[in-house]
1. At 20 °C and 1.002 mPa s, what whole-number value in µm²/s does Stokes-Einstein give for the translational diffusion of the stretch 159-294, with Rh from the Kirkwood sum over Cα pairs?
2. Order by neighbour count: T7, T267, T82, fewest other Cβ atoms within 10 Å first, most last.
3. By how many degrees, between 0 and 90 and to the nearest 10, does the Cα long axis of helix 115-128 differ from the longest principal axis of the chain?
4. List V113, V9 from most exposed to least, where exposure is judged by having the fewest other Cβ atoms within 10 Å.
5. Based on alpha-carbon centroids, what's the gap between the stretch 18-50 and the stretch 150-217 in Å, whole number please?
6. So what's the angle, to the nearest 10 degrees on a 0 to 90 scale, between helix 11-22 and the longest Cα principal axis of the chain?
7. For a quick check, take a GNM of the chain with Cα springs below 10 Å and name the residue from L89, L284, L213 with the largest mean-square fluctuation.
8. Please list, or write none, the lysines whose alpha carbon is within less than 26 Å of the alpha carbon of K20, excluding same-chain residues fewer than 8 places away.
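Readers should treat all values here as calculations from the given coordinates under stated rules, not as data from a laboratory. This structure is a prediction, so every number in the text was calculated from the model and none was measured. FYI the Cβ positions are ideal-geometry reconstructions off the backbone, even for glycines, and counts take in every protein chain you see.
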Amino acid sequence: MVIVGPTAVGKTELCLNLAKNFKTEIISSDSRQFFREMELGTAKPSAEELKMARHHFINTLSIHEEYDVKKFERDTLFLLETLFESHDLVVMTGGSGLYVDAICKGFDDIDAVDPNIRRELIQSFESEGIEPLQRELLNCDPEYYRTVDLQNPQRLMRALEVFRGTGKPFSAFREKKIQPRPFGIIKIGLKRDREELYTRINLRMDQMIEKGLFEEAEGLYPFRHLNALQTVGYSEIFGYIEGEYDKEEAVRLLKRNSRRYAKRQLTWFKKDEQIHWFHPDQYLEIQNLIRNHIAL
């Protein structure tokens, strides 16, 4: 069972209830929650929530470790083999569409690309900033541009090096035949009205800031060049630390970019016709759908 949806929509609460009712465990496919040092900015389940059900792939890595979607696919498929020995149902959840697809559909192997291309992209980013990367991606791969985190230079450079090295857009490597899996999959998407979702995102950001998000980001600032930290929730504060704007503007950017990130998440998931969409309050309907699926 896969539970997807945009940030702040209510995935954590639903998954905890499902894990309790179906007596199972939760796999996180959120690529930002892997890292121990990134606590507040990734909206991980609280310590109390983590005790309510066993979670996997939360706080399992350091920001200093390299990890990618292929490694996640390998590790998760291995873990599922073990979990299905004692559970009929396992919950996987997250807002990282690429990581969800890696488990549900498989992920294309991409031929090695000339490392000089990556070096050229890094030099361009360091000298000219992120906007040229965004413009180039829009021109060569508008489909991926609509769904990728545009504030994450590592994601942008990866897509561009694939295009420059293979002549094919990065999105083309996600359109292959789905790989068979030795388990059934039911996909549930959570959605709210736009105004309701955006209000929740703004409130969550206020709560993160109150709990110490700025202080957490300041402690991580020396490592801002690492891939894990090239993400919404930290890059905006790094700009504030570097004097690009004041704290009020940093807060505005945090909320705006989080809302934009949620919009891109929805764009990605809405392309998947296998997802059954519900409001998070429709718990009984969701539970019945799952039970009916299991009974098939």
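1. Details: Rh = 18.4 Å.
In µm²/s, the coefficient is 116.
2. Values: T7 22, T267 14, T82 9.
Ranking T7, T267, T82 by Cβ neighbours within 10 Å, fewest first, gives T82, T267, T7.
3. 70
4. Placing the least packed residue first, the sequence is V113, V9.
5. 16
6. In the chain, helix 11-22 runs at an angle near 30 degrees to the longest axis.
7. Looking only at L89, L284, L213, the largest GNM fluctuation is found for L284.
8. Straight-distance partners of K20: K11, K44, K51, K187, K191.
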